[in-house]
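Encoded as structure tokens, the structure appears first; notes follow it.
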Amino acid sequence: MRRFNEVRPQALAAWRRLEQGFDRAFSATGNPLRQLGGLGLLAFWLLAASGIYLYAFLDTSAAGAYRSIVDLSEQQPWLGGLLRSLHRYAADAFVILLAAHLLREWLHGHYRGARRYSWLTGLPPIALVFASAIGGFWLHWDRLGQYSAIATAEWLDALPLLAAPLARNFLAAGAVSDRLFSLFVFVHLGVPLLLLFALWFHIQRLTHATVWPPRALGAGLLFTLLVLAAAAPVASHAPADLATVPHALRLDWVLLFIHPLAEALSPAVAWALVGGGLLTLFALPFLPQPARIPVAVVDAANCNGCRRCFADCPFAAITMVPHPNQKETPGRPKFSGSPSGGRSPQGGDLGGTHAVSRQMAVVDADLCTSCGICAGACPSSTPFRSVTELVTGIDLPSSPIGALRQRMQRGLAALTAPRPILVFGCDHGAAVGPLAGPDVAAFSLVCTGQLPPSFVEYALRDGAAGVLVSGCQPGGCEFRLGPRWTEQRLLGLREPHLRAEVPRERLEVAWADAGEEASLHRALARLRERVREMQGVVGPKPKAASHA
Amino acid sequence: MPDLKLERPALSASAWIGQVLLYALFALVIGVFSQWPIYQHLAPDLALIKLSFTHTGKPVGECRAQSEAELAKLPPNMRAPMKCPRERSPVSVEVDIGGVTALRRSAAPSGLSRDGASAVYQRLVVPAGEQRIAVRLNDDARRPGFTYRREATVRLAPAQVLVIDFDAEKGGITLE
């Protein structure tokens, strides 16, 4: 177990280096290694679309299936043939993307805590993907389909489930009836429907789940698969013949590797490997884990029921309930029960003329990842509030907003340079600590999304010449949405927003993952250069004592 | 729109080339491993014998007449004069190829009461060419030895599948 825990950080560091390499080619926003889930879903939809077309031409009888697919490839090489090849290659791509997605989530430790649900619901689809993909080969009923069907039956027969061996269905030429072929059709069409249902479960507890990759990336995947389909069309083997054994096969190793594995090791050992592997993955969330950071807590007295935390929580951990201090709040939209209900896409209130009961946020501890994005969304988190102790509506007990204001005030007061700079970063992105110096105070948050944008204005009015905000690369946020919400808040596209009066030339934003500290240094150098060129005093003297 | 500058430089020519190369690598991986290396499921000079049957063995014991006292204890609709054991015999089978025993199996009857059929599915890879095959099967635990026998000389072509089955209506052991 110890060795297991030692391997993961090293592997994660290697994965991050790979991601950074891909950043150079795709840019951070279009990096496929950070969009594996969305790309996988795109491959699924490509499979569905091409499969629907192919099914329209498939003769679903044992005698006619082979001829119908060969005819499709020969008579419609530029549509049927292309889509047939696309169908196969999209399945290969789906499996590769799925494996990479699983690996990435494991490396990031996204199997524990509140993410247990997504991890566990993500495992059954693996079995469904392979069941569906393998069943697809049977439908063609060529030598490869024959081999796969018999190998699958022999593998299933190793389980003590059925009184009669399934493989007996393939003993003689006439054994494969149209009735059995209907079962093949059901496997290849019914299992993907189950898969779709399972994927819906998989993303149930994610708000704003990425179900499509960025447009350019999606187009890149589609174009790549189409070029491959055109350059190397999938060819049929000879038609199935149960009187002989197919011996030399152009096997799809991505989808059918289990057959040679079961042959080489014995079906029972292959079951042990597959079952053991899946059980291990299922068991991961239940193994001893590091202590969880205390989850966010709501302070009823400071929660006005604005629903911003409800809209911004990446894991749907917040629900709205009637406020214990009930009173009517005119003009507030009715609670719809959905994360986006009653709010614009940018998170602003849509307004309304009816009155509803005042609400309050409630945190579901089982779903909360303790990212603090809710605290960054809370309007009560503004440091301008003239209270001695800043208590916000929703906050992280281990890293409260009030403590951040104090740290910021003290840090700013300690800087002696004429043009001090404050840096806000996150614990999972590029380390901001090493940036600290005579003119720089650095603060690392749990997530950048924890930073209320008003802190930027407060820092500038309190004596900072400039503010650098940093966080993980787009798509690389440990808590999914931190940089996205932060960027939208700073751009004024999401509430709470950074006021338009704040001079943007004194603000620098840099997204950098762990290991990309050089990017932060460059951003700091740019900001330092800009504030150095500013004339006169850039802000009032620090007033750290006022709220300390 | 506020004038906030984010560090997102446009992609350079080398980045575009890198993208093309990475997409090409992805396509290459899929294109290659979707059909290569060729899998040799069975060597060209071999053939396959599949021994497979589902057959319900004989009852493990004899039927016996129930006494009047036993019948009287039963509900009227269940007073069958003969009582037979429900459990079936396991089916034992031996296959000799070229005079050497290549397979010896005993298949237990299925079902919780062991009253179902016994099933066997076994592959035997043999060299192609002429083979002397002897099959022996016993489906009655009350009788020693074998209740069915079949011997034949067959010529197997490379990759040919020979199925050894059991069909009581065809006289027992079949080779097809």
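The values are calculated or read from the model by the stated rules, or taken from the named source; none is laboratory data. Given the structure is predicted, the values throughout are model-derived calculations rather than measurements. Because the Cβ atoms are built from the backbone with ideal geometry, glycine has one as well, and the counts that use them run over all protein chains shown.
Residues considered: A:Leu225, A:Leu162. Of these, the only one that is without any contact (Cβ under 8 Å) to a residue 24 or more places away in the chain and not acidic (Asp, Glu) is A:Leu162.
Might you let me know whether the stretch B:42-52 holds any residue that is crowded, with 17+ Cβ neighbours inside 10 Å, more than 30 Å from B:Ala152 (Cα to Cα), modelled with pLDDT of 95 or more and facing another protein chain (nearest Cβ under 7 Å)? No, every residue in the stretch B:42-52 fails to be crowded, with 17+ Cβ neighbours inside 10 Å, more than 30 Å from B:Ala152 (Cα to Cα), modelled with pLDDT of 95 or more and facing another protein chain (nearest Cβ under 7 Å).
Residue by residue, here is whether (1) facing another protein chain (nearest Cβ under 10 Å); (2) among the β-branched types (Val, Ile, Thr); (3) surrounded by 14 or more Cβ atoms within 10 Å (Cβ to Cβ); (4) not in a strand (DSSP E or B) holds:
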position: B:Tyr121; (1), (2), (3), (4): yes, no, yes, no
position: B:Ala134; (1), (2), (3), (4): no, no, yes, no
position: B:Ala141; (1), (2), (3), (4): no, no, yes, yes
position: B:Phe146; (1), (2), (3), (4): no, no, yes, yes
position: B:Ala152; (1), (2), (3), (4): no, no, no, no
position: B:Glu169; (1), (2), (3), (4): no, no, no, yes
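Quick grid of which residues meet (1) among the acidic types (Asp, Glu); (2) surrounded by 24 or more Cβ atoms within 10 Å (Cβ to Cβ):
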{"residue": "A:Pro483", "(1), (2)": "no, yes"}
{"residue": "A:Leu491", "(1), (2)": "no, no"}
{"residue": "A:Glu495", "(1), (2)": "yes, no"}
{"residue": "A:Arg499", "(1), (2)": "no, no"}
{"residue": "A:Val502", "(1), (2)": "no, no"}
{"residue": "A:Glu508", "(1), (2)": "yes, yes"}
{"residue": "A:Gly515", "(1), (2)": "no, no"}
{"residue": "A:Leu520", "(1), (2)": "no, yes"}
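Within the stretch B:99-113, the set of residues being modelled with pLDDT of 95 or more and either farther than 22 Å from B:Gly172 by Cβ or not in a loop (DSSP other than H, G, I, E, B) (or both) comprises B:Val100, B:Thr101, B:Ala102, B:Leu103, B:Arg104, B:Arg105, B:Ser106, B:Ala107.
The single condition among (1) farther than 27 Å from A:Val245 by Cα; (2) away from every other protein chain (no Cβ under 14 Å); (3) not polar (S, T, N, Q) that B:Ile173 does not satisfy is (1).
Could you tell me whether B:Ala69 is away from every other protein chain (no Cβ under 14 Å), part of a loop (DSSP other than H, G, I, E, B) and of a type in the set (A, V, I, L, M)? Before the answer, list the steps.
Numbers: away from every other protein chain (no Cβ under 14 Å): yes; part of a loop (DSSP other than H, G, I, E, B): no; of a type in the set (A, V, I, L, M): yes.
Here the answer is no, as B:Ala69 does not meet what is asked.
The number of residues in the stretch A:260-275 being facing chain B (nearest Cβ under 9 Å) and more than 18 Å from A:Gly135 (Cα to Cα) comes to 1.
Give the stretch A:388-408 a look and list any residue that's under 15 Å from A:Ser444 (Cα atoms) and either part of a helix (DSSP H, G or I) or in contact with a His (Cβ under 7 Å, 6 or more places away or on another chain) (or both), or say none.
Within the stretch A:388-408, the subset under 15 Å from A:Ser444 (Cα atoms) is A:396, A:398-408.
Scanning the stretch A:388-408 gives A:Ile401, A:Gly402, A:Ala403, A:Leu404, A:Arg405, A:Gln406, A:Arg407, A:Met408.
Checked against (1) away from chain B (no Cβ under 13 Å); (2) part of a helix (DSSP H, G or I), A:Gln204 passes all but condition (2).
Of the residues in the stretch A:412-420, none is under 28 Å from A:Pro474 (Cβ atoms) and buried (at least 21 other Cβ atoms within 10 Å of the Cβ). Within the stretch A:54-67, the residues that satisfy the criterion of being surrounded by fewer than 17 Cβ atoms within 10 Å (Cβ to Cβ), part of a helix (DSSP H, G or I) and in contact with a helix residue (DSSP H, G or I) (Cβ under 8 Å, 6 or more places away or on another chain) are A:Tyr55, A:Phe57. When every residue of the stretch A:178-199 is checked against the conditions, none turns out to be on the phi > 0 side of the Ramachandran plot, more than 14 Å from chain B (Cβ to nearest Cβ) and either surrounded by 14 or more Cβ atoms within 10 Å (Cβ to Cβ) or touching a strand residue (DSSP E or B) at 6+ places or on another chain (Cβ under 6 Å) (or both).
Could you list, in sequence order, all residues of the stretch B:22-58 that are under 30 Å from A:Ala153 (Cα atoms), not in a loop (DSSP other than H, G, I, E, B) and not aliphatic (A, V, I, L, M)? Of everything in the stretch B:22-58, those that are under 30 Å from A:Ala153 (Cα atoms), not in a loop (DSSP other than H, G, I, E, B) and not aliphatic (A, V, I, L, M) turn out to be B:Gly31, B:Phe33, B:Tyr39, B:Gln40, B:Lys50, B:Ser52, B:Phe53, B:Thr54, B:His55. Somewhere in the stretch A:33-49, is a residue surrounded by fewer than 16 Cβ atoms within 10 Å (Cβ to Cβ) and either of a type in the set (S, T, N, Q) or in a loop (DSSP other than H, G, I, E, B) (or both)? So far as the stretch A:33-49 goes, no, none of its residues is surrounded by fewer than 16 Cβ atoms within 10 Å (Cβ to Cβ) and either of a type in the set (S, T, N, Q) or in a loop (DSSP other than H, G, I, E, B) (or both). Looking across the stretch B:53-86, the residues that are surrounded by 12 or more Cβ atoms within 10 Å (Cβ to Cβ) and touching a residue at least 40 places away in the same chain (Cβ under 8 Å) come down to B:Phe53, B:Thr54, B:His55, B:Thr56, B:Gly57, B:Lys58, B:Val60, B:Gly61.
Reported count of residues in the stretch A:231-259, each being surrounded by fewer than 18 Cβ atoms within 10 Å (Cβ to Cβ), at the interface with another protein chain (Cβ under 7 Å from one of its Cβ atoms) and not in a loop (DSSP other than H, G, I, E, B), is 2.
Determine, yes or no, whether A:Trp212 is assigned to a loop (DSSP other than H, G, I, E, B), within 33 Å of the chain's Cα centre (by Cα) and of a type in the set (Phe, Trp, Tyr). Working first, answer last.
Values: assigned to a loop (DSSP other than H, G, I, E, B): yes; within 33 Å of the chain's Cα centre (by Cα): yes; of a type in the set (Phe, Trp, Tyr): yes.
Criteria met by A:Trp212.
So, in the stretch A:68-90, of the ones that are crowded, with 21+ Cβ neighbours inside 10 Å and hydroxyl-bearing (Ser, Thr, Tyr), which residue ends up farthest from the chain's Cα centre (by Cα)? The selected residue is A:Ser85.
May I ask you to say which residue of A:Asp252, A:Asp312 is at pLDDT 95 or above, among the charged types (D, E, K, R) and either farther than 30 Å from A:Cys368 by Cα or in contact with a strand residue (DSSP E or B) (Cβ under 8 Å, 6 or more places away or on another chain) (or both)? Reasoning before the result, please.
Numbers: A:Asp312 fails: either farther than 30 Å from A:Cys368 by Cα or in contact with a strand residue (DSSP E or B) (Cβ under 8 Å, 6 or more places away or on another chain) (or both).
After ruling out the rest, the residue left standing is A:Asp252.
Going by what's in this entry, would B:Ala80 be described as closer than 30 Å to A:Pro503 by Cβ and part of a loop (DSSP other than H, G, I, E, B)?
Numbers: closer than 30 Å to A:Pro503 by Cβ: no; part of a loop (DSSP other than H, G, I, E, B): yes.
No; evaluated as a whole, the condition is false for this residue.
Within the stretch A:137-164, the set of residues being farther than 18 Å from A:Ile258 by Cβ and within 9 Å of chain B (Cβ to nearest Cβ) comprises A:Leu162, A:Ala163, A:Ala164.
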